[in-house]
């Protein structure tokens, strides 16, 4: 079976070279940019496709006659492809969990600090020749509300405890022995000074942060999203940022990526942005790439 990594960037190319072993299946690595419409041509003749974060429209994938497996480098494949439709078409989508829990957690906390101290806003001002110290928020003794308490949420809770924050959490399913006080979602929204999202995206969680839930938040609360952009009603978020109902947002994920420079979120001063990079550390990338290769190995051995 032939395999191709369709959208490998230079950083991941170096990681791939470090973790790929001589006894691993051969994988063609494409580092060149391509027009999404050329996807069928790129994948033509391959049975397995490794996808970092490229969209896989069902109509284009349908033209890839040999393709039987997509190995998505992460957990959120549903943001980039219609997984049930692909399965119905005979294409199995494989995802990789747990490879970057600590990396994403540290990024979420970094965004939390950046929002609390208006670091990006002051950075822009200083670079523009404007010296304007801004008063920030001290996180010690503040309430952090975690929506979702999987591997990443638990890591965020541990770091937040070390900062001296009071950590409360809501999870869709019961949890025990966790480093947070479990509360209802309504309680979390009304009590938390900082809210951080750590949910998978599905039909039940899509738009969980909407106009109604935003009005339940403390006025001026900080919202952090390193999970999935579609967890938040974007129009409602922009409205709340403009009104001050949400004091600051730290966002690593968006409805459409890359975020356009004229997008309203990119034009608001009380938003700190990063480019879907929460999981991108060398340590996490090495784990991710190694697990992706192991999936390809399992497929080629006929064990899937």
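The values are calculated or read from the model by the stated rules, or taken from the named source; none is laboratory data. A quick note: this is a predicted structure, and the numbers were derived from the prediction, not measured. Note: ideal-geometry Cβ built from the backbone for every residue, glycine included; neighbour counts use all protein chains shown.
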Among the residues of the range 225-235, is there at least one that is in the same structural domain as residue 138 (by TED's automatic domain parsing), over 19 Å from residue 53 (Cβ atoms) and in contact (Cβ under 8 Å) with a residue 40 or more places away in the chain?
no
Within the range 183-207, count every residue that is farther than 22 Å from residue 160 by Cβ and not in a loop (DSSP other than H, G, I, E, B).
0
Is there any pair linking a residue in the range 279-304 that is closer than 13 Å to residue 11 by Cα to one that is at pLDDT 95 or above and surrounded by fewer than 19 Cβ atoms within 10 Å (Cβ to Cβ), with Cβ under 7 Å and at least six apart or on different chains, and which?
286/18; 286/19; 289/19
Restricting to the range 118-131, name every residue that is loosely packed, with under 10 Cβ neighbours inside 10 Å and either touching a helix residue (DSSP H, G or I) at 6+ places or on another chain (Cβ under 8 Å) or not in a loop (DSSP other than H, G, I, E, B) (or both).
127, 131
Residue match in the range 263-271 (condition: assigned to a loop (DSSP other than H, G, I, E, B), at pLDDT 95 or above and crowded, with 18+ Cβ neighbours inside 10 Å)
no
Quick check: anything in the range 76-98 in a helix (DSSP H, G or I), outside the structural domain of residue 61 (by TED's automatic domain parsing) and crowded, with 20+ Cβ neighbours inside 10 Å?
no
I'm told residue 56 meets every condition in (1) modelled with pLDDT under 95; (2) under 20 Å from residue 256 (Cβ atoms); (3) assigned to a loop (DSSP other than H, G, I, E, B) except one. Can you identify the failing condition by its number?
(1)
Out of all the residues in the range 58-75, which are on the phi < 0 side of the Ramachandran plot and either surrounded by 19 or more Cβ atoms within 10 Å (Cβ to Cβ) or not assigned by TED's automatic domain parsing to the domain that holds residue 40 (or both)?
61, 64, 67, 69, 70, 71, 72, 73, 75
Considering each residue of the range 1-13, count those that are surrounded by 13 or more Cβ atoms within 10 Å (Cβ to Cβ) and either free of Cβ contacts under 8 Å to residues at least 24 places away in the same chain or over 22 Å from the mean Cα position of the chain (by Cα) (or both), and give that number.
5
Residue 292 versus (1) touching a helix residue (DSSP H, G or I) at 6+ places or on another chain (Cβ under 8 Å); (2) surrounded by 15 or more Cβ atoms within 10 Å (Cβ to Cβ): which is the lone unmet condition?
(1)
Is it fair to say residue 242 is outside any loop (DSSP other than H, G, I, E, B) and modelled with pLDDT of 95 or more?
yes
Just checking, how many residues over the range 202-227 are crowded, with 20+ Cβ neighbours inside 10 Å and in contact with a helix residue (DSSP H, G or I) (Cβ under 7 Å, 6 or more places away or on another chain)?
7
Reported set for the range 17-42 where residues are touching a helix residue (DSSP H, G or I) at 6+ places or on another chain (Cβ under 8 Å), surrounded by 15 or more Cβ atoms within 10 Å (Cβ to Cβ) and more than 18 Å from residue 301 (Cα to Cα) is 19, 29, 30, 39, 40
